[in-house]
1. For residues that are more than 14 Å from Lys65 (Cα to Cα) and outside any strand (DSSP E or B), tally how many sit in region 91-109.
2. Tally up the residues in region 23-71 that are farther than 16 Å from Ser89 by Cβ, touching a strand residue (DSSP E or B) at 6+ places or on another chain (Cβ under 6 Å) and in a loop (DSSP other than H, G, I, E, B), please.
3. Which of the residues that make up region 63-93 are surrounded by fewer than 16 Cβ atoms within 10 Å (Cβ to Cβ) and aliphatic (A, V, I, L, M)?
4. Are any residues in region 19-74 among the β-branched types (Val, Ile, Thr), modelled with pLDDT of 95 or more and out of contact with any helix residue (DSSP H, G or I) (no Cβ under 8 Å at 6 or more places or on another chain), and if so, which ones?
5. Please work out which residue is farthest from the chain's Cα centre (by Cα), limiting yourself to region 43-69 and to residues that are aliphatic (A, V, I, L, M) and within 18 Å of Phe109 (Cα to Cα).
6. Give the residues of region 96-106 that are in contact with a strand residue (DSSP E or B) (Cβ under 7 Å, 6 or more places away or on another chain) and surrounded by 14 or more Cβ atoms within 10 Å (Cβ to Cβ), sorted by residue number.
Amino acid sequence: MKSKIRVALVITLLLATASSAVAADTVWTSITVKEMHCAGCAKKMAARLYTVAGVKEVRADIEKKTLIVAPTPGATLSPRAMWEAVEKSENEPIRLAGPAGTFTQKPRF
């Protein structure tokens, strides 16, 4: 239990440090997944999301089973590409909400 808390704390600190690179007016996309048990799960999904064109930053909230994705300035993120990136990490998205709308099924675009 203590090791899980330490890992979660380390990830939180790393993400907090990286967040200074994202502008305050950035519009984030949140992706809620069916399962996110540990930092390893979060890291695997984040790695896949970073392969999506225009992704600048990914944050994870393990307790809420949610990933928060920020675009690079001027980029428009594809909801479908982000949904599929999570699927490729062997997880199941259940909700994606961002500037393009809210989805509970794989977006068509």
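1. 8
2. Qualifying residue count, region 23-71: 3.
3. Of everything in region 63-93, just one residue is surrounded by fewer than 16 Cβ atoms within 10 Å (Cβ to Cβ) and aliphatic (A, V, I, L, M), namely Ala75.
4. Once the filter is applied, which keeps residues that are among the β-branched types (Val, Ile, Thr), modelled with pLDDT of 95 or more and out of contact with any helix residue (DSSP H, G or I) (no Cβ under 8 Å at 6 or more places or on another chain), region 19-74 yields Thr32, Thr66, Ile68, Thr72.
5. Applying the filter and picking the extreme gives Ala53.
6. Across region 96-106, the qualifying residues are Leu96, Ala97, Gly98, Phe103.
The values are calculated or read from the model by the stated rules, or taken from the named source; none is laboratory data. No experiment lies behind these values; they were computed from the predicted model shown. Backbone-built Cβ (ideal geometry, glycine too); neighbour counts: all protein chains shown.
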